[in-house]
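S.K.: This is the structure I want to talk about, given as structure tokens.
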Amino acid sequence: MSIKDKIIMCFSNLYKRKVRTLLTTVGVVVGTCAIIITVSLGVGMQQAQEEALSQMGDLTIINVNSYGISPDTDPLDDAMLEKFRELDHVVALTPAYQLNNWGSISITSGKYKYDSMIYGVSLNDLEALGYKLTEGEWPGEEGVKENTVYFSSSAVYDFYNTKKRSNNRVYEGSGKDPFVDPNKDKMKFVVSSQKENKKPKEFDLVYGGTMEQDWSKNPSSGWGVFVSVDYLKKLENEYNKLNNITVNKDAKKSYDSVTVKVDDMNNVAAVEEVIQGMGYTTNSMETIRKPMQEKAQKDQLMLGSLGAISLLVAALGIMNTMMMSIYERTREIGVMKVLGCFISDIRTVFLMEAGTIGFLGGVLGVGVSYGVSYLINTFGGGGSQDIYGALQGGIGSTSVIPWWLVVGALLFSTLVGLLSGIYPANRAVSISALSAIKQD
């Protein structure tokens, strides 16, 4: 028999017993739908958890601290930062360097002065680390001048009038413009002197932009001024020289903290383990995400198992249908044998019928699942706006049906159909041709 003849015979036999075929297919539809919906609820729950975590902070960020490290551990200095950069999956990093002497370096614009927090960071990595600008531009491939400064969203309000003792500030949220507009007003770095007979030193400053407020960053873009870490160290050295401060060059210099960004949240644990192996303490959202992910996977497995029970019942229905078909077609099987049909051809026809029921049930089950998922997301608080909401997998959906779940459900339902047809097919080919012909 040709493959075409087998396909024609398969669909012809299913159509002749269309009521029984339909009822058996409905069982597969229910089982497939049960698996897809239960697993989709688990996927939706996992995505909701990851969205909640992402609002708390970037899931690809690792914070490295030098507090409490062993004396034998290498300092968290520039050399160590280069080692971090060479690690697989690390795409960006920056230290958060702060001055030892508060107010030793300030920014002035005429009679207005800023002497709050100044951070030394890696300016070229800020964009990759997720910092956003409301004004200005990030460094390009050629970089920026070493004295370039980026303001946090609130820093411009920290300028105060040095000529007044009271009412010398404009507070954020007051509805008034800050004293200084970094984009228009000329500003300078001022290195202060502790001695009256020595004048402070002034250095030119280039305005790079103002950052969008994000308190989850380290350092936060909601407060402070950002400048190149190398340039801030240069200004600090000028302060030490100006004030005759001796610095022990042999002392281990270490950053208090370093922010490391990984290319994918699934690689965070591996990178974090390597850094911890170097002797440093770390923290990331992975410590929260991993237990939540493991719980979500267990929930998905449990829910999927419950759905698989429905498909198992459907498999018994397919087996029953095929067994009944054998009893009704015993004479037909005998005639096929007498005409010289190969046993493999007869077995293939029965397996094709069982597999077709499984496949059709799977296809219809997928369609029904999208409808049920839409209803769950619409009336169950999921927030999907259309029938394709589950396929889009938007955050906020209670039920999310990814593509791999659809493909897996179709393959599984078809496989269940084929496995359910193995015993009936073997039973059919074992029937004696002579006794089958005599069968009424």
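The values are calculated or read from the model by the stated rules, or taken from the named source; none is laboratory data. Keep in mind it's a predicted model, so treat the numbers as computed, not measured. A quick note on method: Cβ atoms are made from the backbone with ideal geometry, for glycine too, and the neighbour counts reach across all protein chains shown. SASA here: full protein model, heavy atoms, side chains in, ligands and nucleic acids out. Shrake-Rupley method; radii C 1.70, N 1.55, O 1.52, S 1.80 Å.
S.K.: Please list, by residue number, everything in the range 144-179 whose backbone N is under 20 Å from a paramagnetic label point 7 Å out along Cα→Cβ of GLN213.
M.R.: Under cut-off, by backbone N: 150-160, 169-179.
S.K.: Among the lysines, which fall within straight-line cross-link reach of LYS298, defined as a Cα-Cα distance under 27 Å, with same-chain neighbours fewer than 8 residues apart omitted?
M.R.: Output for LYS298: LYS290.
S.K.: Sticking with this one: Helix 18-56 versus the longest principal axis of the chain: what is the Cα-based angle in degrees, 0 to 90, to the nearest 10?
M.R.: In the chain, helix 18-56 runs at an angle near 10 degrees to the longest axis.
S.K.: Shape verdict for the range 1-80, please, from the Cα gyration tensor: rounded (a/c under 1.5), prolate (a/b greater than b/c) or oblate.
M.R.: Judged from the Cα gyration tensor, the range 1-80 comes out prolate (a/c at least 1.5, a/b above b/c).
S.K.: In a solvent-free Debye calculation with one equal scatterer on each Cα, what is log10 I(q)/I(0) for the range 64-208 at q = 0.08, 0.11, 0.19, 0.20 Å⁻¹, listed in the order of the q values?
M.R.: -0.30, -0.56, -1.26, -1.33
S.K.: At what distance in nm do the modelled label points of SER254 and ILE343 sit from each other, each positioned 7 Å from its Cα along Cα→Cβ?
M.R.: Each label point is offset 7 Å from its Cα along the Cβ direction, giving 7.7 nm.
S.K.: Here's another thing I want to ask about it. Starting from the Cα-Cα distance between GLU141 and GLN297, subtract it from 0.36 nm times their residue separation and give me the gain in nm to one decimal.
M.R.: 51.9 nm
S.K.: At 1.4 Å probe size, with the rest of the protein present, what percent of the exposed accessible area of the chain is carbon and sulfur atoms?
M.R.: Taking all protein chains in place, the chain shows 56 percent carbon and sulfur surface.
S.K.: Using a Förster distance of 35 angstrom, determine the FRET efficiency expected from the C-beta separation of ARG165 and LYS241, and round it to 0.05. Each step should come with its number before you reach the end.
M.R.: On the way: r = 32 Å, r/R0 = 0.91.
Here the calculated transfer efficiency is 0.65.
S.K.: Can you compute the helix-only [θ] at 222 nm over the chain? Use -39500 (n - 2.57) per DSSP H run of at least 4 residues, normalise by all residues, nearest 500 deg cm²/dmol. List each step's numbers first, then the result.
M.R.: Values: 11 runs with 211 residues, N = 440.
Taken over the chain, the calculation gives -16500 deg cm²/dmol.
S.K.: Ok, one more. Could you state the angle between the C-alpha long axis of helix 403-429 and the longest principal axis of the C-alpha atoms of the chain, as a value from 0 to 90 degrees rounded to the nearest 10?
M.R.: Once rounded, the angle reads 20 degrees.
S.K.: Sticking with this structure for a sec: Greater than 21 Å separation of Cα atoms is the criterion. Which listed pairs, LYS83/LYS261; LYS199/LYS234; LYS113/LYS253; LYS113/LYS164; LYS198/LYS253, meet it?
M.R.: With Cα atoms farther than 21 Å apart: LYS113/LYS253; LYS198/LYS253.
S.K.: Right, here's the next one. Taking R0 as 56 Å, what's the FRET efficiency between LYS111 and GLN49 from their Cβ-Cβ distance, rounded to 0.05?
M.R.: 0.60
S.K.: Based on the Cβ-Cβ distance from LYS199 to SER70, what FRET efficiency comes out when R0 is 41 Å, to the nearest 0.05?
M.R.: Approximately 0.35, to the nearest 0.05.
S.K.: Any idea of ARG20's accessible area? Nearest 10 Å², probe 1.4 Å.
M.R.: 70
S.K.: Kindly sort TYR171, TYR423 by accessible area of their heavy atoms, largest first, with the probe set to 1.4 Å.
M.R.: Result of the area sort, largest leading: TYR171, TYR423.
S.K.: Another question about this same structure. If N is the number of residues in the chain, what value comes out of its Cα radius of gyration divided by 2.2 N^0.38 Å?
M.R.: The value comes to 1.59.
S.K.: If you don't mind, there's one more thing I want to ask. How big is the accessible area of TRP404 in square angstrom, nearest 10, if you roll a 1.4 angstrom probe over the protein chains?
M.R.: 120
S.K.: Oh, and also: By how many degrees, 0 to 90 and rounded to 10, does the Cα axis of helix 268-277 deviate from the longest principal axis of the chain?
M.R.: Helix 268-277 sits roughly 50 degrees off the main axis of the chain.
S.K.: Filter the chymotrypsin sites (Phe, Trp or Tyr not before Pro) in the range 58-166 to those in DSSP coil with at most 13 other Cβ atoms within 10 Å of their Cβ, and list the result.
M.R.: Hits after loop and neighbour filter: TYR67, TRP102.
S.K.: Under a crude label model (7 Å from the Cα following the beta-carbon direction), how far is SER12 from ARG85 in nanometres?
M.R.: Calculated label separation equals 7.4 nm.
S.K.: How much accessible area per residue does the range 182-270 have, counting only protein heavy atoms and a probe of 1.4 Å, in square angstrom?
M.R.: Spelled out: the 1.4 Å probe surface of the range 182-270, per residue, equals 56 Å².
S.K.: Another question, then. With every protein chain left in place and a probe of 1.4 Å, what is the accessible surface of SER284, to the nearest 10 Å²?
M.R.: 10
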